[in-house]
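Encoded as structure tokens, the structure appears first; notes follow it.
Computed from the coordinates by the stated procedures, all read-outs in this text should not be read as laboratory data. The model shown is predicted, which means the values in this text are computed figures rather than measured ones. Here the Cβ is made from the backbone with ideal geometry for all residues, glycine too, and neighbour counts use every protein chain on show.
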Amino acid sequence: MTELSKIGGAVKILDKSLPEPIILARVEDKEYVALSLKCPHRGVELEYLKKEKQFRCASLGHSRFKTNGTYIKGPAKKPLKSYSTRLGILDRNKLVITIE
């Protein structure tokens, strides 16, 4: 995915086989984070703010979250669900997201 080729890039993963939509961001050279895409307040999609290294709800209240999903501020009051990520052991070009 070309969006993830640079630090600060992010993609939204909308796949019916997943328990919920995910947002995936490259926050450092070899660090990726995967979180639930929908804000726990009203279910509005999030966006990644690369300069602030935060996720922000697109609704008027703009709830904000750290890259680990921790709630910072806004009407949400709850954290985002986070998913484990790691670069592939045999192939560093593959990113593995663990969905439990």
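Here the contact order of the range 2-98, divided by its residue count and restricted to Cα pairs under 8 Å and six or more residues apart, works out to 19 percent. Choose one answer from SER84, SER63, SER17: the residue with the largest mean-square fluctuation in a GNM of the chain with alpha-carbon springs under 10 Å. It is SER17.
The dipole here belongs to the range 2-98: it is taken about the Cα centre, uses +1 on the Cβ of Lys and Arg and -1 on the Cβ of Asp and Glu, and is about 320 debye. Cross-link pairs exceeding 19 Å between alpha carbons, from the set LYS50/LYS78; LYS66/LYS94; LYS12/LYS77; LYS6/LYS94; LYS38/LYS81; LYS53/LYS94: LYS50/LYS78; LYS66/LYS94; LYS12/LYS77; LYS53/LYS94.
In the elastic network of the chain, a GNM with C-alpha springs shorter than 10 Å, the most mobile of LEU87, LEU24, LEU35 is LEU87. Over all projection directions, the Cα-based convex hull of the chain averages an area of 6.4 nm². Compared with the direct C-alpha span, the chain from GLU3 to ILE99 gains 32.4 nm at full extension, assuming 0.36 nm per residue.
In the elastic network of the chain, a GNM with C-alpha springs shorter than 10 Å, the most mobile of ALA34, ALA58, ALA25 is ALA58.
The length gained on full extension between GLU31 and LYS51, counted as 0.36 nm times the residue separation minus their Cα-Cα distance, comes to 5.7 nm. With r as the distance between the Cβ atoms of ALA58 and ASP15 and R0 = 25 Å, compute the FRET efficiency 1/(1 + (r/R0)^6) and round to 0.05. Efficiency for this residue pair is about 0.80. Treating each Cα of the range 1-53 as one equal point scatterer and applying the Debye formula with no solvent, the log10 of I(q)/I(0) at q = 0.17, 0.21, 0.23 Å⁻¹ comes out as -0.52, -0.76, -0.87. For the peptides 72-82, 38-48, the ranking by mean Cβ contacts within 10 Å, running from highest to lowest, is 38-48, 72-82. The modelled label-to-label distance between THR85 and HIS41, using points 7 Å beyond Cα along the C-beta direction, is 2.4 nm.
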